[in-house]
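Written below as structure tokens is the structure these notes are about.
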Amino acid sequence: MKSYHPISFLLIAFSLSDVPVFANAVLSIEEAAKKGFVKLFIKSKGGYTGEVVEMKVQNLTNRKLDLRIEAGRRLDSKQQNEQDILVTREQEIFVNANQTKWFNVTGMCCQAHNNAPTIKHEYFVGKLADSTLIKLAMYIDKNKYYSNYSAQQSVWVVSDDNSIGSIDDSDKEVKNNLRTFVSKLTGKVIPPYDVKYQSGNDGSAMGRAVCIEGVFDYSLPMACHSTMAIYNERGEIVQLIFENLQSNRGEYKHYYTFRTKDLPQGTYYARVNADGMLQKEMKIEF
């Protein structure tokens with residue numbers, strides 16, 4: 001029977017104890033940091049959407065590490081008044097033993113009412129976001145909407161309860177795809193109008209809805225004088241679109257802009273009256 005020297009066995013056991021438990025597996029970046037395998041430095045490159053974060057990974061082990069940063073991870077801003085970043089592109093990063101490596105992280109802001117991230121401001125590695133944001137991040141990753149501002153608006157619909165009407169795009173297919181996906185994800189109804197929010201292009205927090213734009217279709221059963229107005233929940237007119245317009249019987253489509261900047265958030269109603277009789281009503285929420 002073959003025998004083993006006790007000292008040799010102890011040396012082997014000691015050397016194995018230095019190897020990270022998951023040295024041959026893919027580790028999440030959060031797990032690797034928690035276990036002390038890596039040291040991270042994460043900073044903003046500025047901007048809302050795209051390659052907006054730079055991450056430095058220092059491998060503290062004597063083994064090559066295979067790391068993953070997941071689509072759906074939420075990088076936590078160290079500045080409480082600046083937006084966190086939702087990672088929207090999954091990546092695997094290989095870092096050799098004792099190596100330090102820099103790489104860009106693709107993501108989107110996910111706190112619409114905080115300020116835009118400032119260049120060089122730092123983040124914690126954070127945790128995975130809630131399930132709806134994870135699903136949306138994976139959808140963005142799958143469709144490669146990495147720098148698409150409509151996808152960014154979709155994130156704010158989920159993270160900040162913005163209107164689905166804020167998801168807009170010159171490419172109607174992209175717009176419809178995102179609106180449909182977010183509607184199924186959140187249970188929100190797709191509105192028949194677009195909602196424009198204050199841009200926040202100066203780096204400040206995104207403001208309130210400034211206007212709503214849409215096409216209101218209605219029919220008139222007879223020649224009449226028609227009026228279209230927006231009403232609040234108390235039945236008061238907050239904006240007159242047109243008044244006593246001489247109209248013939250028929251089908252109509254009217255483009256309108258509802259200015260909302262100075263109005264409280266809530267429910268409003270677009271109504272068309274024919275000679276004082278209600279013909280059609282549409283609910284508007286922002």
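A compact table of results
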read-out	value
Tally, over region 15-58, of residues that are within 29 Å of Q111 (Cα to Cα), open to solvent by less than 60 Å² (accessible area, probe 1.4 Å) and either part of a strand (DSSP E or B) or modelled with pLDDT under 95 (or both)	17
Region 86-116, residues that are assigned to a loop (DSSP other than H, G, I, E, B) and either at pLDDT 95 or above or open to solvent by 10 Å² or more (accessible area, probe 1.4 Å) (or both)	T88, R89, E90, N96, A97, N98, Q99, C110, Q111, H113, N114, A116
Close pairs (9 angstrom Cβ cut-off, 6 or more residues apart or separate chains): over 11 Å from F216 (Cα atoms) and without any contact (Cβ under 8 Å) to a residue 40 or more places away in the chain in region 240-267, basic (K, R) and not in a loop (DSSP other than H, G, I, E, B) anywhere	T267/K283
Selection count, region 208-250, where residues are touching a Cys at 6+ places or on another chain (Cβ under 9 Å) and outside any strand (DSSP E or B)	2
Residue match in region 126-133 (condition: polar (S, T, N, Q), within 18 Å of G46 (Cβ to Cβ) and in contact (Cβ under 8 Å) with a residue 12 or more places away in the chain)	no
Residue that is surrounded by the most Cβ atoms within 10 Å (Cβ to Cβ) [pool: residues in region 256-286 that are over 26 Å from the mean Cα position of the chain (by Cα) and outside any strand (DSSP E or B)]	D275
Residues of region 117-155 satisfying the condition of being part of a loop (DSSP other than H, G, I, E, B), under 23 Å from K56 (Cα atoms) and either of a type outside the set (A, V, I, L, M, F, W, C) or open to solvent by 40 Å² or more (accessible area, probe 1.4 Å) (or both)	P117, T118, I119, K120, H121, Y146, S147
Condition check for L178: touching a residue at least 24 places away in the same chain (Cβ under 8 Å), outside any strand (DSSP E or B) and either in contact with a strand residue (DSSP E or B) (Cβ under 9 Å, 6 or more places away or on another chain) or surrounded by fewer than 18 Cβ atoms within 10 Å (Cβ to Cβ) (or both)	no
Evaluation of N244 against (1) under 19 Å from A209 (Cβ atoms); (2) over 30 Å from the mean Cα position of the chain (by Cα) (one fails), failing number	(1)
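The values are calculated or read from the model by the stated rules, or taken from the named source; none is laboratory data. Since this is a predicted model, take the numbers as computed values, not measurements. Reconstructed Cβ throughout: ideal geometry from the backbone, glycine too, with neighbour counts over all protein chains shown. Accessible surface areas use protein heavy atoms only, side chains included; no ligands, DNA or RNA. Shrake-Rupley method; radii C 1.70, N 1.55, O 1.52, S 1.80 Å.
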